[in-house]
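Input: a single structure, listed below in structure tokens.
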Amino acid sequence: MKKTLIFLFIFISCFLFSQEISFNIKDKPNDDGAALILSWDTSQIEASKIIIERKAPDSDLIIITSSQEVVGTFEDGTDIDPGIEYNYRLSALDENGKVLHIVRTTASSSSQWFNKKKISLLILALLISVSIVYYIFSAKSGKDLYIRKIGGLESMDESVGRATEMGRPILFIPGTLDLDDMQTIAGLTLLRRLAQKAAEYDAKLIVPVCRSMVLSTAKEVVKEAYMKAGRPDAFDPDSVFYLTDDQFGYVAGVDGIIVREKPAANFFLGAFYAESLILAETGFSSGAIQTAGTAMPSQLPFFVVACDYTLIGEELFAASAYLSKDPHQLGSLKGQDFGKAIFIVVLTIGIILEISGVHFLKDFLALH
Amino acid sequence: MKRKIPLLITFTVGIILIISEFIPHKPFGQLSGELEIWFLIISGFAILLGQLSLFKVNILKIQYKQRDWQFYVITLISFVVMVTLGFLWGTGKSAGMLGHGEIITSTLGHKPFDYLFHNVYQHLQATMFSLLAFFIASAAYRAFIGRTVESNLLLTSAVLVMLGNTTFGSLLTGWLPESLNFLHLPKVSEFIMTFPTTAGQRAIMIGAGLGIIGSSLRIILGIERSYLGGE
Amino acid sequence: MRKTKQIDRRWLFLLIFFGVALPLIFTIGLPLETTKNVHMVYDLIDGMPKGSRALLSFDYDPASMPELHPMAKAVVKHCFDKEINIIFTAMWPMGVQMADDIIEQLKDDYPDLKYGEDYVNLGFKAGGMITIQSMGKNFREVFPKDMNGSSIDELPIMEGINNFSNIGFVFSLSAGAPGIKEWVQIAHDAYGRPTSGGCTGVSAPAMLPYINEQKQLTGLLAGLKAAAEYETLIKTPGSATKGMDAQSIAHLIIIIFIAIGNINYWRDRKALKKGGK
Amino acid sequence: MEQFFATLGIWLGALFTFAIFSFLYKDNPFYKTAEQIFVGLSAGYWFVYTVFSILIPNLYDPLTQDFSANWIKIIPAILGIMMLMRLIPKTEWVSRFPISVVIGTTSGVFFLRYLKSDVLNQLTATMINPFIGENWVVIVGQILLIVGTITGVIYFYFSKKHTGALGVSAKIGIYFLMVSFGAAFGYTAMARISLLIGRLQFLLGDWLGIIQP
């Protein structure tokens, strides 16, 4: 009896006061249906705290959040499944913790198939992809593509020649990150070229690596290069070896190799962190010709200062196209250049619009 | 089969990941996270390959009594010691095969693995890293010579920023009147860092970004396949 | 390239060694002025209301301790002074100990602070970017327990934290990836929380583009100098302030050597021009 | 006893610090020893770390604790084992499957990540009205920022000869790159010296006790 009365009281008070408190629940847009957005406004009454509870079918009422904000929003993203109806209850309490009002509402979330916020990203992705693919195909069909000189790469022949002449090895470092970084893969592509040259000239190649997966891949790459050069017998599987996964442990090891083996040429091509300068300075003191290349903006200054040749940023990725003159790669490079052209054009338009006080382009692009 | 299927896998995985960025609906939204955990697991298995290579190369050096072969014995011993201690008593809160080793832990103050980590490994790491303080000085001395316009720019901005970063920079130009405040060395250094440096960094980021995008696309489309090795 | 005759670099090494060591022993106390990016961080924390909750992520390891530890200490101290509650996390495995060490150092200055109410250490989670992303969706699933294994439901400080929305600001002390960049991309870009951070000097130039109009980053503490400036701002000079003396001397040595190198080069060139004819 | 080992630890630390520093003078047996210990110890450390912090929490725990929810983790486990088949020359090619999954993931993730953070975000960040600023210094700076970004991007233009207007722009671009390299170098000097300060604080403080740590 008592319970019924209390229930009735709550029910009536809800009915009476529901106008004074607004409590709205919306589905969170552009998601997988795992969240609802709750918003409330209790400015009409003098509540000092609100508590929001939720009840899913076949389970108990649980507290979702509490807040001291009079007007607020909350994203409920805990155990929400799309398509299920949830009952929410907002209780407004006074400073003594006494319930002033209760509001109930129901809501369900839904999941979307397209994230509308990412439309600018999609457009850009399509534009760049299509232009790259287009240029690749047009290059394949025999269109002649120009590529400007990339300074750092002239050194490759020079280095291999020097190493052969001096009877000293060539050291190659494919960066210190794993295969889940594009720079490592770009470095390995260049390793293939270098290994082929080394095989042709009969120069010794040393490739210490600091990741096991890079070890496997680098071995394959070098082996293939020796085969391609027609000298599979000259391939020494232990010329590609693992030191340690540790950044500085690896550097200590490589430094040791540099001072003891005195390579004629060092190549540092891939992703580098702080070790860049330790390697380059030790390499310099041992008198090697040094070529470096990375897309890590923070390490480029050190390579530029301490090495003889440096591939800056994108040049690392363009290098294999430059060396191979392979139409596919040249085409892709042309497509990337198209991307740069788009960048400059859109940027110029955007700046002009910003100066004239129109912000729509920037807002559209910033939405993602 | 040995080459086509891997290329097909790369293509499928790459495309699905790109598309999933735009589809919040399950299971697409969670894919990239799950695949990155896969990467960790695969590389976790692969680490064994590295360890075996380390072993093999060092044992060969010792076997053939190469120059300094004694030192490679040290490599192997330190490796074996570290791994054994790690697996016997674990590290931090993870227990090893013999549990937590309370007695030995209370004697050493740490688990044996952690003891070596804190007292040897960490110091080696920090000292190796600190060699940079010397190398940055020697590289600056050797390379910052004003031969060309480029090297003059390199040199000037480096020296200005270095001065601005120290107390001498503020002392040197602290006497400047308010109207010439923009020539105050810390201000100059901040200006160089905020504007031209940001511009340079941004240009590199954009170029490298496009380079990475192009390479990714080439790999997904199977044009770039050198990572697979042998024909 | 013709090489100018140079001084053996080992002399330079020796000078640098003593140039750094001596000021550490005999403090000079050179004056210091504060910069804008440091002020922005200070203002962000200073403007936070009492009792708000901050997420401090320790994304570094002992290798970067000399640079990041002093600023971590200064920032945590500032938060404690302002009665901001701190949720410590780590995206680097060793970050947990780093956070612990800072708490340990400050414990005696703040005897009233209670674990679980005023601060909590949630420990390390692997996965970087993905983990941060999941925290934005469901914080409690990523960190169901704190470092000591107690459920976060029992910790008052964690009440109502289901994602980033009840977090006042995010501050990452970062020595690389995952670090500030990832936090900016998720906590700020995706969830709109004010995000700030401290990083090593070397990664600073790459972070600066994020301090922009959209305030992807609200200020930045870069390297030891920023830490020393922060110590000045919160009026508690510490180890960073001391280190700055050593910094200034070492920088001076480098600059002098650059000058010597250039003078040698010009003299040689002149001699060459004269003698070469 | 604990005290003894704590002191021993500090002495070990100091010893290895000097061993590494000695490399600055020249290669010597102390450095060689420290180097080899470093390589061996760290390789061992990462091995143990991988097992305890990657394989156990990401693979072993999910599979043993709740198999039905995590059965999908069997796939990476199989791929991991395929990776190990490299050890037998005959089955070496099998490792291409896991590698292709890894590379596919990398490509897919990187394609979008860099499009967002390095292209789109930098585009919007540069899209500013340069003439709004607190004073003329900022306005000049913002103009430099825009000019530097655009010319810098032009420097990376590969498919046209750098002559004429393009050549001039590319030249200006490389100037900006050089200024930025110099500044970043100068800026980093501080960070690197901090590391040495850290080491000396250990030697002078923890080890010798001359200064307060």
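Miscellaneous remarks
- Pick from segment A:175-200, criterion more than 19 Å from the chain's Cα centre (by Cα) and buried (at least 24 other Cβ atoms within 10 Å of the Cβ), ranking: farthest from the other protein chains (Cβ to nearest Cβ): A:A198
- Subset tally (residues that are within 8 Å of chain D (Cβ to nearest Cβ) and modelled with pLDDT of 85 or more) for segment B:163-186: 1
- None of B:I213, B:I204 is in contact with a strand residue (DSSP E or B) (Cβ under 8 Å, 6 or more places away or on another chain) and free of Cβ contacts under 8 Å to residues at least 60 places away in the same chain except B:I204.
- Residue satisfying all of: in segment C:67-100; over 23 Å from C:Q247 (Cβ atoms) and of a type in the set (D, E, K, R); surrounded by the fewest Cβ atoms within 10 Å (Cβ to Cβ) among these: C:E83
- Candidate set: segment B:17-38, residues that are aliphatic (A, V, I, L, M) and either surrounded by 19 or more Cβ atoms within 10 Å (Cβ to Cβ) or facing another protein chain (nearest Cβ under 7 Å) (or both); chosen: the one farthest from D:I103 (Cα to Cα): B:I23
- Restricting segment A:312-363 to residues that are among the hydroxyl-bearing types (S, T, Y) and in contact (Cβ under 8 Å) with a residue 12 or more places away in the chain, the residue that is farthest from the other protein chains (Cβ to nearest Cβ): A:S324
- Within segment D:15-46, the set of residues being under 22 Å from A:F241 (Cβ atoms) and not in a helix (DSSP H, G or I) comprises just one member, D:D27.
- Summed over segment A:110-134, the residues that are over 19 Å from the mean Cα position of the chain (by Cα) and within 7 Å of chain B (Cβ to nearest Cβ) give a count of 6.
- All positions within segment A:270-282 that are without any contact (Cβ under 8 Å) to a residue 60 or more places away in the chain and under 20 Å from A:P169 (Cβ atoms): A:I278, A:A280, A:E281, A:T282
- Taken together, D:L144, D:L204 contain a single residue that is modelled with pLDDT of 95 or more and either in a helix (DSSP H, G or I) or aliphatic (A, V, I, L, M) (or both), which is D:L144.
- Candidate set: segment C:18-66, residues that are touching an Asp or Glu at 6+ places or on another chain (Cβ under 6 Å) and part of a helix (DSSP H, G or I); chosen: the one farthest from D:G13 (Cα to Cα): C:V38
- Residues of segment A:26-73 classified as of a type in the set (S, T, Y), surrounded by fewer than 16 Cβ atoms within 10 Å (Cβ to Cβ) and within 27 Å of B:G29 (Cβ to Cβ), total: 3
- Unmet criterion (only one of (1) at the interface with chain D (Cβ under 10 Å from one of its Cβ atoms); (2) under 30 Å from the mean Cα position of the chain (by Cα); (3) free of Cβ contacts under 8 Å to residues at least 24 places away in the same chain) for B:F11: (3)
- Scope segment B:105-120; condition part of a helix (DSSP H, G or I) and at the interface with chain D (Cβ under 8 Å from one of its Cβ atoms); matching residues: B:S106, B:T107, B:L108, B:F113, B:Y115, B:L116, B:F117, B:H118, B:N119, B:V120
- Matching residues in segment D:1-52 - criterion: being among the polar types (S, T, N, Q), within 8 Å of chain B (Cβ to nearest Cβ) and free of Cβ contacts under 8 Å to residues at least 24 places away in the same chain: D:T33, D:Q36, D:S42, D:T50
- D:M127, sole failed condition from (1) surrounded by 23 or more Cβ atoms within 10 Å (Cβ to Cβ); (2) more than 24 Å from A:T217 (Cα to Cα); (3) within 9 Å of chain B (Cβ to nearest Cβ): (3)
- Checking B:S226, B:S189, B:S170 one by one, the residue that is more than 18 Å from A:D326 (Cα to Cα) and surrounded by fewer than 22 Cβ atoms within 10 Å (Cβ to Cβ) is B:S170 and no other.
- Evaluation of C:Q105 against (1) in contact with an Asp or Glu (Cβ under 9 Å, 6 or more places away or on another chain); (2) of a type in the set (S, T, N, Q); (3) over 21 Å from C:L217 (Cβ atoms) (one fails), failing number: (1)
- Of the residues in segment B:121-142, none is at the interface with another protein chain (Cβ under 7 Å from one of its Cβ atoms), over 29 Å from the mean Cα position of the chain (by Cα), closer than 30 Å to D:F23 by Cα and not acidic (D, E).
The values are calculated or read from the model by the stated rules, or taken from the named source; none is laboratory data. This one's a predicted model, so the numbers in the text were calculated from it and none came from an experiment. With ideal geometry, Cβ positions are generated from the backbone for all residues, glycine too; neighbour counts draw on all protein chains shown.
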